[in-house]
Amino acid sequence: MHNKHVPRLPAIASLGAALVLLASMLGSLAATPRSSGAASPRYGGTLHIAYSGDAVTFDPAQAFDDDWLLIQGTLYNGLYLLDGQGQPHLDLAAVPPTISADRKVWTFHLRHGVLFHNGSELTADDVRFSLLRVLDPHLKPSVSWGQPTDDIFEGSHAFVSGKTKDVPGIQVLDRYTIRFVLTQPVAILPYILAESFNMIVPKAVVTAESPSAFASHPIGTGPYMLQSWQKGTRVVFVRNPRYFHPGRPYLDKIIADINVAPNLIALRVEKGELDGFGYAPELAAADLQQARTDPTYSHYLVTTPVVYVDWLDLNVHAAPLNSLALRQAIAMAIRRPRLVQLLGGTAEPAQQLYVPTEPQYDHALDRHPPYPYDPTTPVAWRCPDAAAMMAPNSSRICVQLSEQNGSVREAARCI
């Protein structure tokens, strides 16, 4: 069972079936309560949050768990940045791209004078290098999880397959200009270029260091720099004085404690030791309900648009899940509204991998579910060979959790 931000290309469909369960929408407990007025930004201060998971790497091509969350909006930038509504806006790109009539050639002009944390200037060579890393079939310690999504450029598939050593569809035209030639039009390219794995890293630094060295001592262009990392315990980010967006960031420091049990995070928030959860889904339903009814904390709760989806990956190539009837029966046997209750109402039943902020989202699928919950429909009727599958010597279906936070465990028990 997975709960992650969904890559925006449907490549997963070629590997198996995805049974979508929930779309979640709760924002984290904020350091500053909501205000009905338009308050002016204030500079300074420290935000202290905590995560129940660990941080393993700060390499954007590799980070996937709570380290993936930690690098969002801190260490790196991409050509685009997703706003609070999930919409892409120009970031390292200085102006909107020039797009060919067939929409297969996108030319970007970069901002001038953007500096990495070490003082070197970001150029088109760094952009090209960063995207090639994501596609690299020999990337260490493992292939980037963004590789299938980025396999959209002319020559990228041959590069990913190890047949060539270059991707001609990623072209540096000059120091501040880069061109992408796509194999076919990709309307969601701005969303893809805003993905965390496509954040830009300094070529000179990464090529001079070992993969583990860069993962532990990351250098980006983001609003914050890594000050210290006590592995397994705490990560500290400090304000980047060279940040290219004028007047940003506002905070001086972000402290993130890691590997802290969710109930302890809630207790430390209550005691005033923490400003909030770093990852909202780690907040247990009971603690959320208490915060909602306590005027001390209710002002700190912010409901955000749906930003990620929980789903089950089903291996359709192996018995018993190679049976379409069985997969349909499973889909109709899961009571999604009950899962929403387990999350304290911070989710919506989902029937697809995409969320409403994404251009591929189909409203009709959620309004008219193709496989609605129907416990009155016997599995044996939907799946004629169900009796054989339930025999003592039959195959068993195991659900493996991709995460261990409380909400995911409760959802798995419900399923």
Original post:
Quick one: which of His109, His117, His89 is surrounded by 15 or more Cβ atoms within 10 Å (Cβ to Cβ) and in a strand (DSSP E or B)?
Top reply: His109
Original post:
Can you pull out the residues in segment 185-237 that are within 25 Å of His112 (Cα to Cα), aliphatic (A, V, I, L, M) and in contact with a Ser or Thr (Cβ under 9 Å, 6 or more places away or on another chain)?
Top reply: Ile192, Met199, Ile200, Val201, Ala204, Val205, Val206, Ile219, Met225, Leu226
Original post:
Any idea how many residues of segment 234-258 are closer than 12 Å to Ile49 by Cα and either assigned to a loop (DSSP other than H, G, I, E, B) or assigned by TED's automatic domain parsing to the domain that holds Phe214 (or both)?
Top reply: 1
**OP:** Determine if segment 184-200 includes at least one residue that is surrounded by 18 or more Cβ atoms within 10 Å (Cβ to Cβ) and more than 21 Å from the chain's Cα centre (by Cα).
**Re:** no
Original post:
Only one of Ala213, Ala256 is within 30 Å of Ile152 (Cα to Cα) and of a type in the set (A, V, I, L, M); which?
Top reply: Ala213
Subject >> Tabulated pairs, segment 333-352, first closer than 19 Å to Asp313 by Cα and in contact (Cβ under 8 Å) with a residue 12 or more places away in the chain, second among the charged types (D, E, K, R) and surrounded by 18 or more Cβ atoms within 10 Å (Cβ to Cβ), C-beta under 7 angstrom, 6+ apart or interchain >> reply: Pro349/Arg336
**OP:** Name the single residue, out of those in segment 201-216 being farther than 15 Å from Pro141 by Cα and either in contact with a strand residue (DSSP E or B) (Cβ under 7 Å, 6 or more places away or on another chain) or β-branched (Val, Ile, Thr) (or both), that is surrounded by the most Cβ atoms within 10 Å (Cβ to Cβ).
**Re:** Val201
Original post:
Of Pro97, Pro60, which residue is modelled with pLDDT of 90 or more, touching a helix residue (DSSP H, G or I) at 6+ places or on another chain (Cβ under 9 Å), of a type outside the set (Gly, Ala, Ser) and surrounded by fewer than 22 Cβ atoms within 10 Å (Cβ to Cβ)?
Top reply: Pro97
Original post:
Would you say Ala38 is assigned to a loop (DSSP other than H, G, I, E, B), of a type in the set (A, V, I, L, M, F, W, C) and at pLDDT 95 or above?
Top reply: no
**OP:** Please go through segment 120-150 and pick out each residue that is under 25 Å from His109 (Cβ atoms) and in a loop (DSSP other than H, G, I, E, B).
**Re:** Ser120, Leu122, Thr123, Gly146
Original post:
Within segment 43-68, how many residues turn out to be β-branched (Val, Ile, Thr) and either at positive phi or in a loop (DSSP other than H, G, I, E, B) (or both)?
Top reply: 2
Original post:
What are the residues in segment 161-200 that are out of contact with any strand residue (DSSP E or B) (no Cβ under 9 Å at 6 or more places or on another chain) and either outside the structural domain of Phe116 (by TED's automatic domain parsing) or hydroxyl-bearing (Ser, Thr, Tyr) (or both), if any?
Top reply: Ser161, Thr164, Ser196
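One line per residue, one yes/no per condition, for (1) over 20 Å from the mean Cα position of the chain (by Cα); (2) farther than 20 Å from Asp174 by Cα; (3) in contact (Cβ under 8 Å) with a residue 60 or more places away in the chain:
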| position | (1), (2), (3) |
| --- | --- |
| Thr46 | yes, yes, yes |
| Tyr51 | no, yes, yes |
| Thr57 | no, yes, yes |
| Asp66 | no, yes, yes |
| Leu69 | no, yes, yes |
| Leu90 | no, no, no |
| Leu131 | no, no, yes |
Subject >> Residue tally, condition in contact with a Leu (Cβ under 9 Å, 6 or more places away or on another chain) and among the aliphatic types (A, V, I, L, M), over segment 102-142 >> reply: 8
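The values are calculated or read from the model by the stated rules, or taken from the named source; none is laboratory data. Bear in mind that the values here come from a model prediction, so they are computed numbers and not experimental data. Note: ideal-geometry Cβ built from the backbone for every residue, glycine included; neighbour counts use all protein chains shown.
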